[in-house]
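Every number here is computed from the coordinates shown, using simple stated rules; none is lab data. This structure is a prediction, so every number in the text was calculated from the model and none was measured. FYI the Cβ positions are ideal-geometry reconstructions off the backbone, even for glycines, and counts take in every protein chain you see.
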């Protein structure tokens, strides 16, 4: 017998389940199984990439200091000259930049105050001749002028020329259009890619296993620590030292090489004989440093032929003069090979022996970092380092960051199944904000800060690179971690199949129940009539 | 596994250090209870060379060898604490050689009998590498059934690919070791190695074309394939050592065939002199200047009248006049002067190509 109330409630349950299935279950399932793709500012990044320096107009303040004569409008005259030179440069500039000339007393600050300590100052000195001098230990530009140059109104031009062609030669050469197609980082084949953290590994390799020690601590404290501090605004150097004992360095092979090569057998064979990779491999343990430079001082197991060292540098050690040959290994470091083997009795390598090596290695670090390519400016290392900061900020860091963001955008567009976590979108937004902040520093360097503005710009641009790299290499951006869209139905069919069968089967049965029930009632009435 | 270890030994012999090799091995053979020679792996029935004997540094083994880890390796998407030695730290100057072997089929290669990598997965990973400038050139080599399908989906530039067999074609083993009861090496790999054995040192002039020509149907018993349309260079110009060897450039100090005083390419005495002062300046700046070489203290680049007179009247005036009259300021005089005092030319330019080799062998 059919209960109308039961029938109705059963049907209601079925319809409710179907509605839940269709309007909540399916959208929920679709939502939960869809790869999350956060929104990225795609158009902005693309436009930024197309014109990377669109919002950069670097301004470098320069102060004029004069004592003999007063030139109240000299800054304006020099400004006009430099602006003229900058605006009329052939092919234009890749990065807009300009000098901002001011007289020293304009700020009512005495030249002797700390304000001008790290500033670019042009010292004007009356003399019998016209010339220019740039001290190697400062940022001043000394311009000598005579009265004739004042009468002929040549002085502003002299100053402008001195600044453009000497003090800011690096920018002048590298920021022009076309110059960036060459090597911005100098000879990039020798130099490592710029990194704010570089580890220096100093090693002594002995081929015979005889005991040896070295006064490396004194040398480092006396020479290398000042060097590290000096270069710290550009790169933070960390150092470790070690002595490695070998049974056999195989340097005897060099004996056999003589006569087999037309020239420099030591160079031809050296890379095969000395396993540089062994030292490099060790450096893999320095996980935090992206870049590692090495200095390896090698003592052979037996004395090497003197002919191999015909061009080597004589070195004195404990009343004995012998030769060493040194080699620069691009992007690796410096290799020093000694002519003589170590004696069997314990030897201590003295400061006198190590000092020239450290001097030479310090110079090579400049080359390996990409600084000493600008040799015309190395007469003034302070200026070079400052310019290097600006060039690195723009070309190595800002440009690289924009490239990374563009790669991220392109990649996510080309791989529509790739997830874009929210963290990535946050990183991108943070990077873009930070970029604008850095550009602000470059464009308006007059903000009063205790720190040199270029140092801040470089430091923040290093952070920018890290943020962009973090966004690009986010570990959840793995396409393989997620089920491809086209396979979704197939993957979930074992779950969805039984649920669908039960739901729709139940609904159909419920709908059929009405007719079945009606039929049963009619049958029972006919039976009653027959009775 | 012998395929991979043989290739690993060959590239090491040609100078690629372990630090630049990522080796992924199922690593279930040497200590397998069915191995009659525990701890040893051979690629020839004569058992002359134990491939597993010494100096094998396996970076990923056993259950670490997964599709996900392989893709992470290529795209460098790891946790921050992932060791550097297990990461592919390449850049836009790096040449990468990738060798894969195992059981495969049309557009897939099995990993650990549990999962498989599709050709499109590798293609997409390569594209991500390309987007981030993580390689200069890739040489992709694969030895599996229907191997050529595995590189058919590649679409990123500068990839050279080579496979052992065509679509719907099997790859075959070279010979069986009766003692071990298994085939020890595959034909494609065997003859590749046979060719590479001809390279005795890193100065070899053999090219990729020579290698491809060597892998004939008579030897391999399947149709090897080469894909060059994504590769810029002609394969006949690509040296084997561009991918299989490592030639480390070394620049000598203070040596020159002409006897000039060259310091790493700096042949100007003044520059050498100037460079020496950098450390001195650092010491001075730190306040410890007692030991600074006295002669360097005078190093100030001063250009005075005697030096510039000959330029002054000719170039300054003309430049100045031009600047005043036309608004143009040709800067020539300092430049001219600089060019006479600085003959800084790098005579030895060397292009470093870091070779990274990924050798993977999913479980057979």
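Computed values, structure above
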quantity	calculated
Cα centroid separation, segment B:100-147 to segment A:40-110 (Å)	52 Å
Distance from segment A:322-364 to segment B:70-86 (C-alpha centre basis), Å	36 Å
Cβ-derived FRET efficiency at R0 60 Å, residue B:81 paired with residue A:98, nearest 0.05	0.85
Sorted peptide list for A:491-497, A:348-354, A:360-366, criterion being average Cβ within 10 angstrom, highest first	A:360-366, A:348-354, A:491-497
Length-normalised contact order of segment A:57-174 in % [C-alpha pairs under 8 Å, at least 6 apart]	28 percent
Order of A:478, B:24 - criterion: other Cβ atoms within 10 Å of each residue's Cβ, fewest first	A:478, B:24
Compactness index (Cα Rg / 2.2 N^0.38 Å), segment B:3-42	1.34
Along principal axes, Cα extents of segment A:57-174, largest first, whole Å	39, 34, 27
Sites residue A:245 and residue A:137, calculated FRET efficiency, Cβ-Cβ separation with R0 45 Å, nearest 0.05	0.60
Cα centroid separation, segment A:148-163 to segment A:394-454 (Å)	42 Å
Length gained when the stretch residue A:18-residue A:437 is fully extended (0.36 nm per residue, less Cα-Cα span)	145.3 nm
Residue mean of other protein chain beta carbons inside 10 Å, A:167-176	1
Shielding by other protein chains, A:150-162, mean Cβ within 10 Å	3
Length-normalised contact order for segment B:66-215 - Cα pairs under 8 Å, 6+ apart - percent	18 percent
Two-site FRET efficiency, residue A:46 against residue A:128, from Cβ-Cβ distance with R₀ of 56 Å, rounded to 0.05	0.40
For segment B:6-145, the spread of Cα positions along each principal axis, largest first, Å	47, 34, 29
